[in-house]
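Reading through the structure tokens given below for one structure.
Nothing in this text is a laboratory measurement; each read-out follows from the coordinates by a stated rule. Worth saying up front: this structure is predicted, and the values here are computed from it rather than measured. Quick reminder, even Gly has a Cβ in these numbers, built from the backbone with ideal geometry, and neighbours come from all protein chains shown.
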Amino acid sequence: MILIRAVNKCEVCGALNHKPHPTTGAEVILTIAHLDHIPEHCEEDNLKAMCQKCHNGYDVEHRKKTRRMARMSGEKQNELFD
């Protein structure tokens, strides 16, 4: 449904699926991004077709936050064993 809505192109930059990306030249493989980063939330308004470049850019802050939280959690667990 999302790829049909997107007419088989990135809904952010317009790169066409399975064609060279206009800025990188790499083959575009469209992915479906969860805008709220919750995989279980699959309502159509929470999903967007994105090329790898746009999807990675969209997720960068979320990944930093997730890594930071995991690191903090690991530090707290280490304190229990000290």
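Angle of helix 52-81 to the longest C-alpha principal axis of the chain, folded into 0 to 90 degrees and rounded to 10: 10°. The Cβ shell under 10 Å around Lys19 holds other residues with a net charge of 0, Lys and Arg each +1, Asp and Glu each -1. If the segment from Met69 to Lys19 were pulled out straight at 0.36 nm per residue, it would be longer than the present Cα-Cα gap by 14.3 nm.
The label point for Val7 and the one for Ile38, both projected 7 Å from the Cα toward the Cβ, are 3.2 nm apart. Short to long, the 10 Å bins of the Cα pair-distance histogram for the chain hold 18, 36, 24, 13, 8, 1 percent of all pairs.
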